[in-house]
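**Q** Sharing a structure with you now.
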Amino acid sequence: MITSEVNEFYVRIKNVIEIMIKANNPALKSWLGVPSDSDFPIQNLPFGIFKTDYLSPVAGVAIGKYVLDLVCLHEHGFFDGLGLPAGIFNQKYLNSFIGLGKKKTREVRERISELLQHDNEELRLNVARELAIIPMAEVEMCMPVMIPNYSDFYSSVEHATNVGTMFRDPKNALLPNWKHLPVAYHGRASSIVVSGTSIHRPKGQNKIAGCRTARI
């Protein structure tokens, strides 16, 4: 006889599997053409912030060679019933959306996946399709979240060894506590930028022979 505890356990496992399959089922196909080598198949629908020549920064999702405008989908009723606040996607960062919680963001992702599945005609046959689906070649990706602060962790022994070698010597590169507790340091939020951003890196100080002062 299966006890209530065992039965509850199997129910929970079943629910977890259903969630995983619904979001990432490798058998899913999209009616929107996606190259076989794409980083963004229907199983991988990342949220981001983008802008175009005619749109200020708003939330979107990548699919194949396109970006879905989530503001457009929201305003045309495709997220009705999910209880999303008005204007949640019409913002320059995803912080407010993320703040709704994992359960809510998963529901949105699953709804987007549903709209893109090969046998779903809701978006495919809707006039909003022309506005909501934008070629990636026409968009510019922006910072997806506002990062006020963060900490860096020495999670790589190679990185920690290289830094320790510069500060001390190769024989004592790692401090005795490195392998026994998390070691972190405060990072500069301003150093987190969009990929491809030009960065002016300081070259440090040097003192030219014959000069009385160092030059930065």
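The values are calculated or read from the model by the stated rules, or taken from the named source; none is laboratory data. On a predicted model such as this, the values are computed, not experimentally measured, just so you know. With ideal geometry, Cβ positions are generated from the backbone for all residues, glycine too; neighbour counts draw on all protein chains shown.
**Q** Out of the residues in the stretch 21-52 that are of a type outside the set (D, E, K, R) and in a strand (DSSP E or B), state the one that is surrounded by the most Cβ atoms within 10 Å (Cβ to Cβ).
**A** Going through the qualifying residues, I end up with 50.
**Q** Starting from residues that are surrounded by fewer than 12 Cβ atoms within 10 Å (Cβ to Cβ) and in a loop (DSSP other than H, G, I, E, B), keep the ones in the stretch 151-167 and report whichever is modelled with the highest pLDDT.
**A** 156
**Q** Report yes if residue 61 is at pLDDT 95 or above and either assigned to a helix (DSSP H, G or I) or surrounded by 14 or more Cβ atoms within 10 Å (Cβ to Cβ) (or both), otherwise no. Quick ask: steps written out before the conclusion?
**A** Values: at pLDDT 95 or above: yes; either assigned to a helix (DSSP H, G or I) or surrounded by 14 or more Cβ atoms within 10 Å (Cβ to Cβ) (or both): yes.
Taking the combined requirement at face value, the residue satisfies it.
**Q** In addition: Suppose we keep only residues that are of a type outside the set (A, V, I, L, M) and touching a strand residue (DSSP E or B) at 6+ places or on another chain (Cβ under 7 Å) within the stretch 176-199. Which one would you say is surrounded by the most Cβ atoms within 10 Å (Cβ to Cβ)? Full working, then the answer.
**A** So the first thing to find is which residues in the stretch 176-199 are of a type outside the set (A, V, I, L, M), and the list is 176-180, 182, 185-188, 190-191, 195-198.
Remaining after also requiring touching a strand residue (DSSP E or B) at 6+ places or on another chain (Cβ under 7 Å): 182, 185-187.
On the way: 182: 10, 185: 9, 186: 9, 187: 14.
Filtering first and then ranking leaves 187.
**Q** Within the stretch 81-94, is even one residue without any contact (Cβ under 8 Å) to a residue 40 or more places away in the chain and within 20 Å of residue 39 (Cα to Cα)?
**A** Within the stretch 81-94, not a single residue is without any contact (Cβ under 8 Å) to a residue 40 or more places away in the chain and within 20 Å of residue 39 (Cα to Cα).
**Q** Mind telling me which of the residues 144, 202, 148 ends up being part of a loop (DSSP other than H, G, I, E, B) and surrounded by 10 or more Cβ atoms within 10 Å (Cβ to Cβ)?
**A** Values: 202 fails: surrounded by 10 or more Cβ atoms within 10 Å (Cβ to Cβ); 148 fails: surrounded by 10 or more Cβ atoms within 10 Å (Cβ to Cβ).
Sole residue among the options that is part of a loop (DSSP other than H, G, I, E, B) and surrounded by 10 or more Cβ atoms within 10 Å (Cβ to Cβ): 144.
**Q** Here's a follow-up. From 82, 55, grab the single residue that is exposed (fewer than 15 other Cβ atoms within 10 Å of the Cβ), in a loop (DSSP other than H, G, I, E, B) and among the aliphatic types (A, V, I, L, M).
**A** Working: 55 fails: exposed (fewer than 15 other Cβ atoms within 10 Å of the Cβ).
Step by step, each of 82, 55 is checked, and only 82 is exposed (fewer than 15 other Cβ atoms within 10 Å of the Cβ), in a loop (DSSP other than H, G, I, E, B) and among the aliphatic types (A, V, I, L, M).
**Q** Say whether the condition of being under 20 Å from the mean Cα position of the chain (by Cα), of a type outside the set (A, V, I, L, M, F, W, C) and more than 30 Å from residue 69 (Cβ to Cβ) is met by at least one residue in the stretch 166-187.
**A** At the first step, the residues of the stretch 166-187 found to be under 20 Å from the mean Cα position of the chain (by Cα) are 187.
Now restrict to residues that are of a type outside the set (A, V, I, L, M, F, W, C): 187.
Narrowing the set further to residues that are more than 30 Å from residue 69 (Cβ to Cβ) leaves 187.
The answer is yes, given that some residue of the stretch 166-187 is under 20 Å from the mean Cα position of the chain (by Cα), of a type outside the set (A, V, I, L, M, F, W, C) and more than 30 Å from residue 69 (Cβ to Cβ).
**Q** Can you tell me how many residues within the stretch 125-141 are small (Gly, Ala, Ser) and either surrounded by fewer than 16 Cβ atoms within 10 Å (Cβ to Cβ) or in the same structural domain as residue 196 (by TED's automatic domain parsing) (or both)? Outline the logic, then answer.
**A** Filtering the stretch 125-141 down to residues small (Gly, Ala, Ser) leaves 128, 132, 137.
Among the residues that remain, those that are also either surrounded by fewer than 16 Cβ atoms within 10 Å (Cβ to Cβ) or in the same structural domain as residue 196 (by TED's automatic domain parsing) (or both) are: 137.
Number satisfying all stated conditions: 1.
**Q** If I filter the stretch 38-54 down to residues being more than 21 Å from residue 107 (Cα to Cα) and touching a residue at least 40 places away in the same chain (Cβ under 8 Å), which single residue comes out as nearest to the chain's Cα centre (by Cα)? Don't jump to the end; show me each part of the working.
**A** Here is the first cut: in the stretch 38-54, the residues more than 21 Å from residue 107 (Cα to Cα) are 38-39, 50-54.
Still in the running and touching a residue at least 40 places away in the same chain (Cβ under 8 Å): 50-53.
On the way: 50: 13, 51: 16, 52: 19, 53: 23 Å.
Ranking the candidates gives 50 first.
**Q** In the stretch 185-216, how many residues are at pLDDT below 85 and of a type in the set (A, V, I, L, M, F, W, C)?
**A** Selection size over the stretch 185-216: 6.
**Q** Here's something else I'd like to know. Which one of 107, 114 is part of a helix (DSSP H, G or I) and touching a residue at least 24 places away in the same chain (Cβ under 8 Å)? Reasoning before the result, please.
**A** Working: 114 fails: touching a residue at least 24 places away in the same chain (Cβ under 8 Å).
On inspection, the qualifying residue turns out to be 107.
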